[in-house]
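The values are calculated or read from the model by the stated rules, or taken from the named source; none is laboratory data. Please read all numbers here as calculations on a predicted model, not as lab measurements. With ideal geometry, Cβ positions are generated from the backbone for all residues, glycine too; neighbour counts draw on all protein chains shown. Just the protein is used for accessible areas: all its heavy atoms, side chains included, with ligands, DNA and RNA removed. Shrake-Rupley method; radii C 1.70, N 1.55, O 1.52, S 1.80 Å.
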Amino acid sequence: MDNKEKIQVENQTTIEDAESITSDVTTAAPSEEKGNSLHRGLKARHIQMIALGGTIGTGLFMASGKAVASGGPGGALVGYMIVGILVFCVMMSLGEMAAYIPVAGSFSHFATRFADPSLGFCVGWVYWANWAVGVAVELTGVAMIMEYWVQSVNSVIWSVICLAILVAINVFSVKGYGEVEYWMSFIKILVVIIFIIVGICVDTGAAGGVYYGVSNFHLPGGAFPYGFLGVFNVFITAAFSFNGVEIVGITAGESANPHKTVPAAVKQVFVRIVLFYILSMLIIGLIIPYNDPQLLQGSDNIAVSPFTLVFEKAGAAWAADLMNAVILVTMISAGNSGVYSSSRTLLSLANDGYAPRIFKFVNRWGIPIWSVLATCVVGCLAFLTSLFGSGVVFTWLTCLTSLAGLITWVVISITHIRFRQGYLAQGRLLTALPYVAPLFPFCDIFVIVIGTIVIFGQGYTSFIAPITASGVISTYIGLILALVLYLVHKLWKRPSFVKNQDMDFETGTIKETVMDARKNEGFDENGNKLPLWKRIWRKVIDIVA
């Protein structure tokens, strides 16, 4: 293999789109046909931190109080546990596919390739719209947060500044996205850990001087005051809190060594679910009564968010300012992730022929520049709708994408079932996969069943009198959008379902010889084991560099 045909991981690491990578040799087509390609600039520490804290956001910091209020302390715990298991199952399925075929676009491309092209078209556009509108939501949120401190400046100015920051981060290098997410995730993780420690101190009376223990679990109604419906209501809030966890699959397309980083990131998702979400819900349920009216206000007012309330009970008068700053970081982080993931999804859609060819263009810095700018423009336009007509259009846009996360998770599981069936049907060995999702196909079936129930059942309140057409439509318009996209593509293009024997398991894979994984495994170029001090030194460098 000629050196110029290899992907050099250490310095100029690049990845071609899924059409230009083969299993044994990575060859680039002539520049006039292919142009530039994505750079594998995300290091192991970037992927790991994104997996741990990348999508910790307003769903946990603010909406978690709503979960306790609607389900009770026990209902909130059970609801988050069930959705946490569902999310972990999704990540194991996505991890198996993304580690083996680390291409830009990830699950939308996988759905096209292993299940049904119409399904790939549907989930790709739904996911892109979700994050494009999500950018507008974060711009609106930043303006509200800044008004907490500064009332003399027009709030739109803060949104414009935030948008400029997001564009600057995403148009020069994928390392910019990785570094920003690394440090913002670090801040969020640190705050959650401090919250859990402080919460334990408050609950035991070590801080604040009041012993709570498990008294809130014995209030009238007990731990499950609203029964099954209370737990079901928590599903929706929990799904919103976990939304975005699948971004790890997209980052595989620009990871320096996806065979190692993706499986490691998948395993860390479990730690994140237990440590950050489950323990946080437990702390909130122990300290704040489920019938406290402030819990329902915390979704809109950071001054009474459950995190703020717990810190204040510990005697921290500055709690509201701290959490306001953390929420500001969270919203910038979410906007950053939105621009990144939606632009890579749009690139994948263009590569699969589902979007205009202009979005296939990648500049010399490895950035799909037109995809990034298009996402930012759409996000900006969506934000502008929040300023006119009392925000009616903006409200409908957010409803349009409200189910995107759940739909994406179900599609990932469907795709993984077909991926594994086709893989085994072609006589391939599971031992050849960098990561094998356990308990197949039970985890995928669990996600499909629970996910479908939540998707169809989450709007049950809209069928309780008084029933209005606008109420029902706004609740299910996200599902309607997905079905319309699927049916239009199916009727227009008439693609057939992908058969096992027709599945391509070679394009886009990267062999260990190409990835030069020996260095990462502690071996030199000749396969000889490195001295202990060199292995330790390289590990330190990987962590800090």
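Laid out as a table, the results:
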item: Any hit, region 134-156, residues being open to solvent by 50 Å² or more (accessible area, probe 1.4 Å), in a helix (DSSP H, G or I), closer than 27 Å to Ile412 by Cα and modelled with pLDDT under 85; result: yes
item: Test: Tyr354 is within 24 Å of Asp504 (Cα to Cα) and not in a helix (DSSP H, G or I); result: yes
item: The lone exception for Arg494 - which of (1) modelled with pLDDT under 55; (2) exposed (fewer than 12 other Cβ atoms within 10 Å of the Cβ); (3) among the basic types (Lys, Arg) it fails; result: (1)
item: Failed criterion for Thr308 (all others in (1) open to solvent by 10 Å² or more (accessible area, probe 1.4 Å); (2) farther than 30 Å from Arg113 by Cβ; (3) of a type in the set (S, T, N, Q) hold); result: (1)
item: Those residues of region 459-512 which are part of a loop (DSSP other than H, G, I, E, B) and closer than 15 Å to Leu119 by Cβ, in sequence order; result: Arg494, Pro495, Ser496, Phe497, Val498, Lys499, Met503
item: Residue among Leu387, Leu406 that is surrounded by 14 or more Cβ atoms within 10 Å (Cβ to Cβ) and more than 26 Å from Ala350 (Cα to Cα); result: Leu387
item: Failed condition for Gly366, given (1) touching a strand residue (DSSP E or B) at 6+ places or on another chain (Cβ under 6 Å); (2) open to solvent by 20 Å² or more (accessible area, probe 1.4 Å); result: (2)
item: Flag for Gly459 being crowded, with 18+ Cβ neighbours inside 10 Å and more than 26 Å from Val498 (Cβ to Cβ); result: yes
item: Leading residue by the ranking (surrounded by the most Cβ atoms within 10 Å (Cβ to Cβ)) among those in region 66-81 that are among the small types (Gly, Ala, Ser) and over 9 Å from Phe235 (Cα atoms); result: Gly71
item: Counted residues, region 194-222 - those being in contact (Cβ under 8 Å) with a residue 40 or more places away in the chain and at negative phi; result: 15
item: Any hit, region 85-105, residues being under 23 Å from His489 (Cα atoms), open to solvent by 10 Å² or more (accessible area, probe 1.4 Å) and either in contact with a helix residue (DSSP H, G or I) (Cβ under 9 Å, 6 or more places away or on another chain) or not aromatic (Phe, Trp, Tyr) (or both); result: yes
item: Residue list for region 410-442, restricted to those being modelled with pLDDT of 95 or more, hydrophobic (A, V, I, L, M, F, W, C), open to solvent by less than 50 Å² (accessible area, probe 1.4 Å) and in contact with an Asp or Glu (Cβ under 9 Å, 6 or more places away or on another chain); result: Ile412, Ile417, Phe419
item: In region 312-348, the residues that are surrounded by fewer than 22 Cβ atoms within 10 Å (Cβ to Cβ), part of a helix (DSSP H, G or I) and not hydrophobic (A, V, I, L, M, F, W, C); result: Glu312, Lys313, Asp321, Asn324
item: Given (1) in a helix (DSSP H, G or I); (2) under 24 Å from His259 (Cβ atoms); (3) open to solvent by less than 40 Å² (accessible area, probe 1.4 Å), number of the condition Glu179 does not satisfy; result: (3)
item: Options Ala317, Ala256: the member that is on the phi < 0 side of the Ramachandran plot and free of Cβ contacts under 8 Å to residues at least 12 places away in the same chain; result: Ala317
item: Qualifying residue in region 278-291 (condition: of a type outside the set (Phe, Trp, Tyr) and under 22 Å from Val135 (Cα atoms)); result: no
item: Test: Gly379 is part of a loop (DSSP other than H, G, I, E, B) and open to solvent by less than 10 Å² (accessible area, probe 1.4 Å); result: no
item: Val231 being farther than 25 Å from Val329 by Cβ and outside any loop (DSSP other than H, G, I, E, B); result: yes
item: Filter pass, Gly285 being farther than 30 Å from Pro434 by Cα and either under 22 Å from the mean Cα position of the chain (by Cα) or of a type in the set (Ser, Thr, Tyr) (or both); result: no
item: Condition met for Thr408 (over 30 Å from Ala206 (Cα atoms) and either touching a helix residue (DSSP H, G or I) at 6+ places or on another chain (Cβ under 8 Å) or assigned to a loop (DSSP other than H, G, I, E, B) (or both)); result: yes
